[in-house]
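Participant: I have a structure here, written as structure tokens, and I will follow up with some questions on it.
The values are calculated or read from the model by the stated rules, or taken from the named source; none is laboratory data. The model shown is predicted, which means the values in this text are computed figures rather than measured ones. Every residue, glycine as well, gets a Cβ built from its backbone with ideal geometry; the counts of neighbours run over all protein chains shown. Keep in mind that these areas ignore ligands, DNA and RNA; they rest on the heavy atoms of the full protein, side chains included. Shrake-Rupley method; radii C 1.70, N 1.55, O 1.52, S 1.80 Å.
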Amino acid sequence: MLNKPVLVESLIVFIIVLFVHAVVWDRYSWCAVALAVQAFYVQFKWDRLLQLGGAVFRFRTAANSGLLPASMVIPLLGIAMKERCKSAGIVYFERFGIVVASTGMLVALFLSVIAVGITKPVPTNTCILTGVAGSIIIYTMKHSLTVSEVIEVLEVLLIFVYLSMILLYLLPRCFTPGEALLVLGGISFVFNQLIKRSLNVIEGRGDPIDFFLLVAVVGVVLLGLFFTVLFIFMDSGTWISSMFFHMMTAVLGLGVIMPWLYRLIQRNPLFWLLQFLFQTQTRVYLLVYWTFLAASACGVVFYQNAKRSSESKKHQASTITRKYFHFIVVATYVPGLIYDRQLLYVAAVLCLAVFIFLEYIRYFRIKPFGQTLRYLLSLFLDERDSGPLILTHIYLLLGMSLPVWLFPRSCAPKGTLSGAGALVPYSGVLAVGVGDTIASVFGSTMGEIKWPGTKKTFEGTMTAVFAQIIAVALILIFDSSVNLNSSYAWILASVSLVSLLEAYTTQIDNLLLPLYLQIMFMV
């Protein structure tokens with residue numbers, strides 16, 4: 001039986017779904033409501049499977065399945081994108097939003113069918129509910145999608161199935177089912193988009209920074225899969241294996257990834273990147289400033305490790321210490337959002353590639369830095385890093401960057417959306433950088449009244465809401481492109497709901513909260 005925190009978490013997600021449904025009110029939003037109802041019931045089955053150890057793969061055990069909140073993210077993002085692009089009259093991206101929503105619903109249904117199928121005895125009522133919801137969604141897709149769009153949706157589903165079988169086997173206890181749905185669903189969609197665009201290259205069409213994101217994500221994932229298979233047959237900790245790792249990274253990067261990017265942007269990727277980074281004086285100033293912040297973050301890591309005495313090897317960094325990095329990330333993103341969002345977009349992609357590459361070095365114990373990274377980062381582990389990978393810092397980067405990457409630039413002719421939509425790129429800053437940080441700091445130091453069934457406090461949540469409202473006011477002062485058009489009540493409701501979700505969710509909040517805040521702002 002679901003416990004109270006999961007029930008409250010589900011209630012908050014239902015409220016967000018109903019908010020979106022009330023604004024959009026079309027057949028896609030009705031499908032989202034049907035998906036939410038069946039995901040709520042199937043979540044019972046996933047939680048029971050996790051408790052009994054009956055799931056097919058080994059998932060993260062310190063959290064519930066998170067199926068409902070994760071199932072709604074991609075469909076709601078697609079619906080919100082469809083509405084924004086429809087109002088802007090951009091038909092191509094309106095159709096793209098429909099494909100995103102349909103893909104998210106189908107992938108979520110696939111996870112639900114797995115849970116129902118391996119539950120013994122077979123839950124008849126849940127099977128009927130899943131069948132009804134699936135029938136509604138498939139019927140709507142049949143009458144909404146063209147043949148090519150249906151093929152695209154099925155391609156993403158196929159990629160998701162194969163990635164799930166491979167990565168969930170190779171990376172036990174790294175994800176909950178909900179987190180796997182979000183992460184692997186996103187990677188599957190990126191794979192599909194890159195394949196689609198590579199097969200239909202038209203010179204001069206498409207933004208190079210979008211291609212850069214697609215190639216970088218697919219490149220680092222393929223790199224990881226290649227070395228995982230390779231090091232099954234080799235000891236990755238030897239100098240010979242380490243030299244081979246660096247050599248093959250160079251070969252794959254220069255021989256596969258660079259030519260692939262060249263085909264898409266029709267110019268030398270290195271020359272384009274250097275020209276892009278140093279195009280204006282503002283960009284040079286930002287790069288120097290970000291280099292200083294990166295050095296400061298490294299300084300925090302070294303300083304905290306220096307404090308670790310030999311008698312206290314099990315010492316872990318406190319919550320407040322980990323939130324230093326949240327403050328540094330806010331200081332990194334806010335100037336980029338105000339002065340040059342395209343540079344921030346590209347810099348975030350580069351940072352993601354570097355983070356994942358360093359995690360490969362740590363995970364495979366690649367010399368000369370693998371063992372050092374293991375020692376330095378072990379201080380900052382928490383209960384969410386229960387698998388072989390350390391992902392919390394990557395999730396923090398993703399939470400801040402996804403609203404920037406997913407911002408529908410083509411549907412915002414003046415570079416920004418109207419009303420609360422103008423805050424979409426700031427969703428990560430508000431939800432994670434400000435809200436989550438303030439909630440953790442104030443809740444752990446001054447909080448006394450706990451939310452029922454959780455360790456989170458009422459004081460932490462209230463200060464988080466208050467801090468985000470102050471942050472919105474500061475954004476209005478310093479970013480002249482933001483015009484909220486009297487949508488203050490909607491912003492307050494959005495911030496409050498997402499802050500409540502932070503208090504009750506056991507999923508990776510750095511990943512989940514910015515996406516829900518972005519959905520609320522976009523609709």
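Participant: Just in region 354-452: which trypsin sites (Lys or Arg not before Pro) are loop by DSSP and have at most 11 other Cβ atoms within 10 Å?
Facilitator: Hits after loop and neighbour filter: Lys414.
Participant: Roughly how far apart, in whole Å, are the Cα centres of region 211-275 and region 145-202?
Facilitator: Using only Cα atoms, the two centres lie 20 Å from each other.
Participant: Carbon and sulfur: what percent of the chain's accessible surface (1.4 Å probe)?
Facilitator: 69 percent
Participant: Moving on to the next point. Which shape class applies to region 386-512: rounded if a/c is under 1.5, otherwise prolate when a/b exceeds b/c and oblate if not, where a ≥ b ≥ c are the square roots of the Cα gyration tensor eigenvalues?
Facilitator: Verdict is oblate for region 386-512.
Participant: When the dipole is taken about the Cα centre of the chain, and only Lys, Arg (+1) and Asp, Glu (-1) are charged at their Cβ, what size is it in debye, to the nearest 20?
Facilitator: The dipole magnitude comes to about 580 debye.
Participant: For each pair in Lys307/Lys455; Lys4/Lys455; Lys4/Lys456, compute the distance between the two Cα atoms and list the pairs where it is over 22 Å.
Facilitator: Exceeds cut-off: Lys307/Lys455.
Participant: Further, regarding this structure: Count the net charge of all other residues whose Cβ sits under 12 Å from the Cβ of Arg283, scoring Lys and Arg as +1 and Asp and Glu as -1.
Facilitator: With Lys, Arg at +1 and Asp, Glu at -1, the neighbours total 0.
Participant: Kindly point out, ordered by number, any Cys in the chain whose beta-carbon has no other cysteine beta-carbon under 4.7 Å away.
Facilitator: Cys31, Cys127, Cys174, Cys298, Cys351
Participant: Here's something else I'd like to know. Treating the beta-carbon of each Lys and Arg as +1 and of each Asp and Glu as -1, no other charges, what is the dipole magnitude of region 1-201 about its Cα centre, to the nearest 20 debye?
Facilitator: In debye, rounded to 20, region 1-201 gives about 240.
Participant: Name the residue from Ala32, Ala108, Leu77 whose Cα lies farthest towards the positive end of the charge dipole of region 1-201, charges +1 on Cβ of Lys and Arg and -1 on Cβ of Asp and Glu.
Facilitator: Positive-end residue among those listed: Ala108.
Participant: Mind running the shape call on the chain? Use the C-alpha gyration tensor, a ≥ b ≥ c as the square roots of the eigenvalues: rounded below 1.5 for a/c, prolate if a/b tops b/c, oblate otherwise.
Facilitator: rounded
Participant: Continuing with this model, one more query. Along the positive direction of the dipole of region 1-201 (beta-carbon charges: Lys, Arg +1; Asp, Glu -1; about the Cα centre), which of Phe59, Phe160, Tyr92 reaches farthest?
Facilitator: Phe59
Participant: Among Ser444, Leu517, Ser499, flag the residue with its Cα farthest along the positive direction of the charge dipole of region 405-523, charges on Cβ as +1 for Lys/Arg and -1 for Asp/Glu.
Facilitator: Among Ser444, Leu517, Ser499, the one farthest towards the positive end of the dipole of region 405-523 is Leu517.
Participant: What 222 nm value per residue comes from the helices of the chain, counting each DSSP H run with n ≥ 4 as -39,500 (n - 2.57) and dividing by all residues, nearest 500 deg cm²/dmol?
Facilitator: That calculation yields -24500 deg cm²/dmol at 222 nm.
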